[in-house]
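Structure first, commentary second.
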Amino acid sequence: MKKLKIAIIGAGPAGLAAAKDLLTAGHSVDIYERENFAGGVMAFGIPAFRIKMEAVMRSVTPVQELGGNFIFGKDLKESDFLNLAKEYDYVYLAFGLTKVRHLGIPGDDLEGSLNALEFLRDFNFEDKLNLLNSKPSLHGTAVMVGAGNVAMDVARCAVRSGAERTYIVYRRDRAEAPCTPREMEEAEADGVVCKFLTNPVEIIGENGHVTAVKCEIMTLGEPDASGRKSPVGTGEYTTIACDYVISAIGQIPDQAVWNVGEIATDHGYVKAVANYGEAFQTSVSNIFTGGDVVKGAKTIGVALKCGKDFAKYVNEQANA
Ligand SMILES: Cc1cc2nc3c(=O)[nH]c(=O)nc-3n(C[C@H](O)[C@H](O)[C@H](O)COP(=O)(O)OP(=O)(O)OC[C@H]3O[C@@H](n4cnc5c(N)ncnc54)[C@H](O)[C@@H]3O)c2cc1C
């Protein structure tokens, strides 16, 4: 078997799974990671009360022990991927989704209007990674927008950061929430109050700081493209006094990465031109991709499968 040289961008579950299987097969692997630690969202997104750092290290340690070369503090862009593709046999793009969709309503820019990933990162830097001396401290009332697993994590971390009242506002009802029933029950057990059929339309502020969020009361109509009943405005409004509004309405790709325009993308997601199982080939033949950056926000299991399938594809090529 030929020994190949592979560059992996992103040390989340997709990149780590690929690295482990490639190293096991005897290839040489460099992992370029923006942060100064490995683990991806498992480390800086999901709080320790759900996934402990020791569990994250079970994906990282084997890669270290097998001789994987981590190059930390490297925030790479498309021009770098293309340069690496000349130097390595394969480049694997596994850098996840690093931005949060904006609420896009008036007042979104007020102090106290936060985004889920930045909030969780600050929380985990102190609570899980010991990289900051203090986690975000909140007071008064925090309102989370969204009802996915990210919103539930943010709400539970808001409680642990000192918020006296924590609300989830969601434009559909409980049955339509994208998080699991258990995730919502755990948030509620922590004291989080869910307000369903409630859709923020304006963040209200005083002296530049959030003081309230105005929401439209919704009802449910016919199913939309997602198959879920669509939220329909009633024209009636309610206002929730609050100190923070935290957007958790979905992670999206960082469009700024694409500074050349040679690798085909679709709204910032990497576009696959071919696939071998869950190994996705990009428009540049030796650049592959996997995990959330090509599949959209999915799960750790999906990312792991992508990484493993990429390693399998490379091994097949090395043996051909
Ligand atoms: C708050 C939260 C809770 C979640 N809870 C669960 C759960 O309970 N169960 C579950 O299965 N899934 C959960 N998920 C989803 C899961 O974490 C992701 O699907 C998974 O981490 C995606 O893996 P990935 O390898 O594609 O990317 P990521 O985990 O996002 O890793 C990407 C890595 O690339 C790095 N990177 C980004 N940009 C660059 C760049 N330009 N240059 C270099 N490096 C870069 C990042 O720092 C990161 O380390 C959750 C997600 C979030 C946000």
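Scan the stretch 103-126 residue by residue and report those that are surrounded by fewer than 19 Cβ atoms within 10 Å (Cβ to Cβ) and over 15 Å from the mean Cα position of the chain (by Cα).
First pass over the stretch 103-126, keeping only residues surrounded by fewer than 19 Cβ atoms within 10 Å (Cβ to Cβ): 104-106, 108-111, 118, 126.
Result: G104, I105, P106, D108, D109, L110, E111, E126.
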Among the residues of the stretch 284-298, is there at least one that is among the aromatic types (F, W, Y) and within 16 Å of the ligand (Cβ to nearest atom)? yes
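What number of residues in the stretch 24-56 are of a type in the set (S, T, N, Q) and not in a loop (DSSP other than H, G, I, E, B)? Can you show your working first?
First, the residues of the stretch 24-56 that are of a type in the set (S, T, N, Q): 24, 28, 36.
Then keep just the ones that are not in a loop (DSSP other than H, G, I, E, B); that gives 24, 28.
The number of residues fulfilling the criteria is 2.
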Residue count, the stretch 249-297, condition among the aliphatic types (A, V, I, L, M), touching a residue at least 60 places away in the same chain (Cβ under 8 Å) and exposed (fewer than 15 other Cβ atoms within 10 Å of the Cβ), comes to 2
Determine the pairs where a residue that is on the phi > 0 side of the Ramachandran plot and modelled with pLDDT of 95 or more, located within the stretch 86-100, has a partner that is of a type outside the set (A, V, I, L, M, F, W, C) and within 12 Å of the ligand (Cβ to nearest atom) with Cβ atoms under 7 Å apart, the partner being 6 or more residues away or on another chain. G96/G10; G96/G12; G96/G40; G96/G291; G96/D292
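Looking at the stretch 168-187 only, could you name the residues that are over 20 Å from T239 (Cα atoms) and surrounded by 14 or more Cβ atoms within 10 Å (Cβ to Cβ)? Steps first, please.
Keep residues of the stretch 168-187 that are over 20 Å from T239 (Cα atoms), which gives 174-187.
Those that are over 20 Å from T239 (Cα atoms) and surrounded by 14 or more Cβ atoms within 10 Å (Cβ to Cβ): E176, A177, P178, C179, E183, M184, E186, A187.
Could you pull out the residue among I300, I246 that is touching a Phe, Trp or Tyr at 6+ places or on another chain (Cβ under 7 Å) and either in contact (Cβ under 8 Å) with a residue 60 or more places away in the chain or under 18 Å from Y170 (Cβ atoms) (or both)?
Details: I300 fails: touching a Phe, Trp or Tyr at 6+ places or on another chain (Cβ under 7 Å).
Selected residue: I246, the only one of I300, I246 that is touching a Phe, Trp or Tyr at 6+ places or on another chain (Cβ under 7 Å) and either in contact (Cβ under 8 Å) with a residue 60 or more places away in the chain or under 18 Å from Y170 (Cβ atoms) (or both).
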Reported set for the stretch 1-23 where residues are part of a strand (DSSP E or B) and surrounded by fewer than 24 Cβ atoms within 10 Å (Cβ to Cβ) is K5
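Of the residues I217, I240, I246, I203, which is within 30 Å of P106 (Cα to Cα), in a strand (DSSP E or B) and in contact with a Gly (Cβ under 7 Å, 6 or more places away or on another chain)?
Details: I217 fails: in contact with a Gly (Cβ under 7 Å, 6 or more places away or on another chain); I240 fails: in contact with a Gly (Cβ under 7 Å, 6 or more places away or on another chain); I246 fails: in contact with a Gly (Cβ under 7 Å, 6 or more places away or on another chain).
The match here is I203.
Applying the selection to the stretch 121-146, what residues are within 30 Å of K214 (Cβ to Cβ) and not small (G, A, S)? Full working, then the answer.
So in the stretch 121-146, the residues within 30 Å of K214 (Cβ to Cβ) come out as 121-123, 135-146.
Scanning the stretch 121-146 gives R121, D122, F123, K135, P136, L138, H139, T141, V143, M144, V145.
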Evaluate the stretch 227-247: report whether one residue or more is crowded, with 21+ Cβ neighbours inside 10 Å, within 16 Å of the ligand (Cβ to nearest atom) and either over 21 Å from the mean Cα position of the chain (by Cα) or farther than 17 Å from F95 by Cβ (or both). yes
Within the stretch 99-152, restricting attention to residues that are closer than 19 Å to V193 by Cα and β-branched (V, I, T), which residue is nearest to the ligand (Cβ to nearest atom)? V150
Please work out which residue is farthest from the ligand (Cβ to nearest atom), limiting yourself to the stretch 28-59 and to residues that are surrounded by 23 or more Cβ atoms within 10 Å (Cβ to Cβ) and either aromatic (F, W, Y) or more than 18 Å from the chain's Cα centre (by Cα) (or both). V29
I263: among the hydrophobic types (A, V, I, L, M, F, W, C) and within 16 Å of the ligand (Cβ to nearest atom), yes or no? yes
Take the stretch 101-155 and flag every residue that is free of Cβ contacts under 8 Å to residues at least 12 places away in the same chain and either of a type in the set (V, I, T) or touching a Lys or Arg at 6+ places or on another chain (Cβ under 6 Å) (or both). E126
Quick check, is T282 in the same structural domain as K86 (by TED's automatic domain parsing) and either closer than 27 Å to V150 by Cα or polar (S, T, N, Q) (or both)? yes
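The values are calculated or read from the model by the stated rules, or taken from the named source; none is laboratory data. Model, not experiment: these values are computed from the prediction. Every residue, glycine among them, receives a Cβ derived from its backbone with ideal geometry; neighbour counts consider all protein chains shown.
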